[in-house]
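The values are calculated or read from the model by the stated rules, or taken from the named source; none is laboratory data. Just so you know, these numbers come straight off a predicted model, no measurement behind them. Don't worry about glycine lacking a Cβ; one is built from the backbone with ideal geometry, like all the others, and counts go over all protein chains shown. The area values use the complete protein model at the heavy-atom level, side chains included, leaving out ligands, DNA and RNA. Shrake-Rupley method; radii C 1.70, N 1.55, O 1.52, S 1.80 Å.
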Amino acid sequence: MLIEGTCTHGGGFLRRACGAQPVGQCVYCGQPFCDRHGDLWPEFHEVCARPACQAKYADVQQHRTWIEEHRGFNRVSVCAEDECQERMQHSCQRCQLRFCDEHLHVRQVMERRESPPREVSLLLCAHCTVRRRIWD
């Protein structure tokens, strides 16, 4: 894939951007980066070295692991919250795991996938609620 422009990493107040030939385009911020200022991961996960983008990539990996560790609770019809033995009742609208009434809450979330972005009410577990800080 042809990436337009040059590496934009390092550009800031009174500093020039790297300017090297880009090898990828960040899936989070959309900026091109060179081989020194980003990572090319499997499944086309191209992530620049900016701290916010690296934090998002790390969060996605941790979240996938967390979901797999908690999926077993739902296989036996139990709430996915640690140490809860209540029957599962509703799904979190982000991770799709099922929880009891006590462990799901309605939260106001800015939905940026919509055009224009708008605030929506979602039924979220505590884990997904905490993650929103990285993404907002």
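Under the condition of being among the hydroxyl-bearing types (S, T, Y) and in contact with a helix residue (DSSP H, G or I) (Cβ under 7 Å, 6 or more places away or on another chain), the residues counted in the range 73-87 number 0.
When A126 is tested against (1) surrounded by 11 or more Cβ atoms within 10 Å (Cβ to Cβ); (2) closer than 30 Å to C7 by Cα, just one condition goes unmet, and that condition is (2). Does E102 count as open to solvent by 80 Å² or more (accessible area, probe 1.4 Å), at positive phi and of a type outside the set (G, A, S)? Judged against the criteria, E102 is not a match.
Yes or no: the range 50-72 includes at least one residue that is open to solvent by 40 Å² or more (accessible area, probe 1.4 Å), in contact with a strand residue (DSSP E or B) (Cβ under 8 Å, 6 or more places away or on another chain) and aliphatic (A, V, I, L, M). Scanning the range 50-72 turns up no residue that is open to solvent by 40 Å² or more (accessible area, probe 1.4 Å), in contact with a strand residue (DSSP E or B) (Cβ under 8 Å, 6 or more places away or on another chain) and aliphatic (A, V, I, L, M). Output the number of residues of the range 105-123 satisfying the condition of being open to solvent by less than 70 Å² (accessible area, probe 1.4 Å) and touching a helix residue (DSSP H, G or I) at 6+ places or on another chain (Cβ under 8 Å). Total meeting the criteria: 1. Restricting attention to the range 73-86, and to residues there that are crowded, with 17+ Cβ neighbours inside 10 Å and of a type in the set (A, V, I, L, M), which single residue is nearest to V120 (Cα to Cα)? So the residue we want is A80.
Within the bounds of the range 67-75, is there any residue that is modelled with pLDDT of 90 or more, part of a helix (DSSP H, G or I) and closer than 22 Å to Y28 by Cβ? Yes: the range 67-75 contains one or more residues that are modelled with pLDDT of 90 or more, part of a helix (DSSP H, G or I) and closer than 22 Å to Y28 by Cβ. Out of all the residues in the range 87-96, is one or more open to solvent by 60 Å² or more (accessible area, probe 1.4 Å), in a strand (DSSP E or B), within 28 Å of C53 (Cα to Cα) and in contact with a strand residue (DSSP E or B) (Cβ under 6 Å, 6 or more places away or on another chain)? No, that holds for no residue.
From the list Q85, Q62, Q54, the lone residue that is within 29 Å of Q21 (Cα to Cα) and without any contact (Cβ under 8 Å) to a residue 12 or more places away in the chain is Q54. Among residues of the range 1-45 being in a strand (DSSP E or B) and either open to solvent by 50 Å² or more (accessible area, probe 1.4 Å) or of a type in the set (V, I, T) (or both), the one that is modelled with the lowest pLDDT is R15.
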